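Following: one structure in structure tokens, then a few remarks.
Each reported figure results from applying straightforward, stated rules to the coordinates on display, with no laboratory input. Owing to the predicted nature of the structure, the values given are computational and were not obtained by experimental measurement. Because the Cβ atoms are built from the backbone with ideal geometry, glycine has one as well, and the counts that use them run over all protein chains shown.
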Amino acid sequence: MNLQSLLALAQRIISGLEKAQPLAQLAARLYVGQAFFLSGLTKLRNWDTTLALFADEYHVPLLPPDVAAVAGTTGELALPVLLVLGLAGRFAAAGLSVVNVVAVLSLAEIAPAALQQHMFWGSLLIALVLWGPGRWSLDRLVLPWLQRTPAAGYTRAA
């Protein structure tokens, strides 16, 4: 195989990988979104236990335990929905990154396997913050429309 053939093969491989990006971004959104949403549902189903955990086990910096419980649970339920839909996808990924970091910092002790899982989620979330939710997202449909629509109360000078 000569250099030209290798370059052509490399270009075909790169083209195929680039075509797979929307699927990979969707898979990342679904995977991380499900993990956080299910965690939020667990907290919501056992609210008394959740409040006790935030009072005794989770030491969220700067927030009282009841406020941290509400904020964390709300974030774990609302942000994954946005992330999965790809609506305000970068915002949702950034918000879940904060929830993820706070979860790790709030635990006095975290098992190595759990830390590894949080690191994996964090890496997927950072990738979504940097590159966006992808072509298969509502952002892709809504942003062009928003850019064409004048802001509320804004009128163009004639």
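Tabulated data
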| quantity | calculated |
| --- | --- |
| Normalised contact order of the chain, rounded percent, pairs of Cα under 8 Å and 6 or more residues apart | 27 |
| Degrees, to the nearest 10: 3-45 long Cα axis against longest axis of the chain | 20 |
| Helix 138-148 vs. the chain, principal-axis angle (Cα, 0 to 90°, nearest 10) | 70 |
| Globularity index of the chain, i.e. its alpha-carbon radius of gyration over 2.2 N^0.38 Å | 1.36 |
| R0 of 41 Å, Cβ-Cβ distance Thr42-Val142: FRET efficiency to nearest 0.05 | 0.85 |
| Cα-based helix-to-principal-axis angle, 47-56 vs the chain, degrees rounded to 10 | 80 |
